[in-house]
């Protein structure tokens with residue numbers, strides 16, 4: 001799939017996106033709301049198809065961002081689906097693990113460190129945090145203190 | 001009654017000093033066949049992504065070179081690619097070639113290390129001794145260039161920290177010539193050995209479909225017929241100017257992954273030879289004053305596969321988010337696809353074939369709840385070696401001839 005085809009195919013899901021940003025030659029950001037993440041990722045992974053790379057979770061000032069990075073290896077493009085979770089109190093998003101088994105670990109990791117709930121994830125056990133880490137303390141949130149109560153002696 | 005019968009559990013892990021990351025594998029076995037696998041990681045979580053947010057852009061390369069001792073050139077390079085992309089910087093051409101040379105030397109020593117350990121796991125200690133002997137001069141070259149055998153700390157935003165002195169160039173060429181001959185012989189010895197064919201072919205097969213579903217990268221993907229290589233697909237450093245082949249194999253088994261790695265050593269030698277000849281004169285770094293707000297995705301092909309770094313800046317002097325994805329993070333979960341249905345004696349080599357951190361097998365223990373038998377790591381390693389010895393006997397193969405190497 002060359003660059004032009006990729007750009008054209010991405011227009012097919014335009015109604016699910018807020019915007020399409022081309023930051024440099026081969027980096028594309030697809031901005032979308034949290035409820036559309038599954039259908040957009042399904043389109044990229046199954047229809048195009050692109051290779052799944054990883055997910056990045058970010059605590060932004062007014063929302064949580066979940067970035068799904070995909071790679072089009074024929075052109076060297078990284079296509080990133082940037083989803084915004086506006087509900088800071090109970091952040092949740094649809095899991096893509098049923099679609100891409102390779103996403104199981106990273107969704108568990110983001111759940112551990114940012115406290116984002118992944119709906120329909122098949123195995124939401126802890127991955128990164130130790131067993132005695134206190135519930136409800138999410139180390140990668142900006143509000144998290146450097147040393148939480150749970151780790152003090 | 002049947003529900004009361006506990007399934008035998010095989011526990012693999014978690015601690016070994018060689019491993020950059022502790023891992024624990026719990027294998028459920030039926031007789032000698034693996035029926036399920038559960039992986040537990042993060043025994044040694046160091047919070048590098050969080051620490052990175054507290055360091056300045058120029059300090060982060062030293063931090064990320066410590067993500068992995070073996071890939072200590074790939075991680076900083078992927079990070080630098082991300083930062084240079086978001087800041088719109090292109091490093092001087094000489095720096096790009098230096099980056100290529102260091103990264104390819106790293107690939108050679110990592111692959112040779114793997115070949116040696118893979119030999120050790122199946123009872124070919126001659127392969128172990130020879131592969132590690134050939135690896136030593138590569139580490140010496142890295143030391144001559146960067147001052148360190150590992151953790152080179154040679155890249156920075158906008159270029160490189162240390163130049164390659166002209167007087168080392170003839171030594172590099174001479175050493176890689178010798179290494180090429182040795183690797184060719186080692187490759188031939190492995191490819192021609194009938195025991196290795198029987199022992200490793202059809203073992204731990206990862207199908208192309210599963211490789212896509214688990215999103216594996218590097219030799220693990222290329223051994224399953226997926227021709228991806230970040231160096232070619234999204235060229236960084238000076239890879240766009242150099243000519244080499246992406247090695248793939250269709251079989252997806254342990255043998256295919258071994259062949260991919262051995263042939264990649266030869267390709268890496270080709271790349272270094274070209275880079276050393278083409279390296280232009282000139283400065284090795286630009287002065288970078290500040291990093292603008294923005295975000296960048298940097299990639300580098302580490303020995304184990306694609307290393308991915310995402311960096312976001314708000315215009316300050318520190319990244320506000322730095323995501324790191326090491327290749328093993330996607331390669332290791334593929335064990336669910338490659339180990340289930342395999343023989344226990346093949347699990348050590350199947351796990352090792354992904355080159356996660358071979359040492360995960362050090363604390364291997366089989367707990368059979370019926371008979372209360374505990375097999376430790378040594379016993380399982382012995383099972384793997386006995387299997388090789390049985391095959392040798394069955395097909396009446398001669399000992400691997402290494403004396404002419």
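Here are the numbers for the structure shown:
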| quantity | calculated |
| --- | --- |
| Members of the stretch B:208-250 found to be surrounded by fewer than 18 Cβ atoms within 10 Å (Cβ to Cβ), more than 14 Å from every other protein chain (Cβ to nearest Cβ) and either in contact with a strand residue (DSSP E or B) (Cβ under 7 Å, 6 or more places away or on another chain) or not in a helix (DSSP H, G or I) (or both), listed by number | B:243, B:245, B:250 |
| Lone unmet requirement of (1) touching a strand residue (DSSP E or B) at 6+ places or on another chain (Cβ under 8 Å); (2) buried (at least 20 other Cβ atoms within 10 Å of the Cβ); (3) in a helix (DSSP H, G or I) for residue B:179 | (1) |
| Residue ID - surrounded by the most Cβ atoms within 10 Å (Cβ to Cβ), chosen from residues in the stretch B:121-139 that are in contact with a helix residue (DSSP H, G or I) (Cβ under 8 Å, 6 or more places away or on another chain) and within 16 Å of residue B:172 (Cα to Cα) | B:138 |
| Residues being within 14 Å of another protein chain (Cβ to nearest Cβ) and farther than 25 Å from residue A:55 by Cβ - total across the stretch B:344-359 | 0 |
| Hey, residue B:189 closer than 30 Å to residue A:75 by Cα and more than 14 Å from every other protein chain (Cβ to nearest Cβ) or not | no |
| The stretch B:80-100, residues that are touching a helix residue (DSSP H, G or I) at 6+ places or on another chain (Cβ under 9 Å), within 14 Å of chain A (Cβ to nearest Cβ) and surrounded by 24 or more Cβ atoms within 10 Å (Cβ to Cβ) | B:83 |
| Candidate set from the stretch A:20-37 (those that are within 13 Å of chain B (Cβ to nearest Cβ) and outside any strand (DSSP E or B)); member that is modelled with the highest pLDDT | A:26 |
| Of residues in the stretch B:43-52 being under 22 Å from the mean Cα position of the chain (by Cα) and without any contact (Cβ under 8 Å) to a residue 12 or more places away in the chain, the one farthest from the other protein chains (Cβ to nearest Cβ) | B:46 |
| The one condition in (1) more than 13 Å from chain B (Cβ to nearest Cβ); (2) more than 14 Å from residue A:58 (Cβ to Cβ); (3) more than 12 Å from the chain's Cα centre (by Cα) that residue A:118 fails to fulfil | (3) |
| Set B:107, B:135, B:99, B:66: member being over 28 Å from residue B:185 (Cα atoms) and part of a helix (DSSP H, G or I) | B:99 |
| In the stretch B:22-42, residue farthest from the other protein chains (Cβ to nearest Cβ) [restricted to those that are within 16 Å of residue B:328 (Cα to Cα) and in a loop (DSSP other than H, G, I, E, B)] | B:22 |
| Residue that is farthest from residue A:114 (Cα to Cα) [pool: residues in the stretch A:52-78 that are more than 10 Å from every other protein chain (Cβ to nearest Cβ) and outside any loop (DSSP other than H, G, I, E, B)] | A:68 |
| The stretch A:97-115: number of residues that are part of a loop (DSSP other than H, G, I, E, B) and either in contact with a strand residue (DSSP E or B) (Cβ under 6 Å, 6 or more places away or on another chain) or facing chain B (nearest Cβ under 8 Å) (or both) | 1 |
| Criterion (farther than 22 Å from residue B:218 by Cα and modelled with pLDDT of 90 or more) met by exactly one of B:318, B:385 | B:318 |
| All positions within the stretch A:64-84 that are more than 16 Å from residue B:217 (Cβ to Cβ) and out of contact with any helix residue (DSSP H, G or I) (no Cβ under 9 Å at 6 or more places or on another chain) | A:65, A:67, A:80, A:82 |
| Top-ranked residue of the stretch A:87-122 - restricted to ones that are without any contact (Cβ under 8 Å) to a residue 24 or more places away in the chain and in contact with a helix residue (DSSP H, G or I) (Cβ under 7 Å, 6 or more places away or on another chain), ranked as farthest from residue A:40 (Cα to Cα) | A:105 |
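Let's see how each residue does on (1) within 24 Å of residue A:109 (Cα to Cα); (2) surrounded by fewer than 20 Cβ atoms within 10 Å (Cβ to Cβ); (3) touching a helix residue (DSSP H, G or I) at 6+ places or on another chain (Cβ under 9 Å); (4) away from chain A (no Cβ under 12 Å):
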{"position": "B:54", "(1), (2), (3), (4)": "yes, yes, no, no"}
{"position": "B:57", "(1), (2), (3), (4)": "no, no, yes, yes"}
{"position": "B:68", "(1), (2), (3), (4)": "yes, no, yes, yes"}
{"position": "B:71", "(1), (2), (3), (4)": "yes, no, yes, yes"}
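The values are calculated or read from the model by the stated rules, or taken from the named source; none is laboratory data. It should be emphasised that the depicted structure is a prediction, and the values quoted were computed from it without experimental measurement. Heads up, the Cβs are rebuilt from the backbone with ideal geometry, glycines too, and the neighbour counts pull from every protein chain shown.
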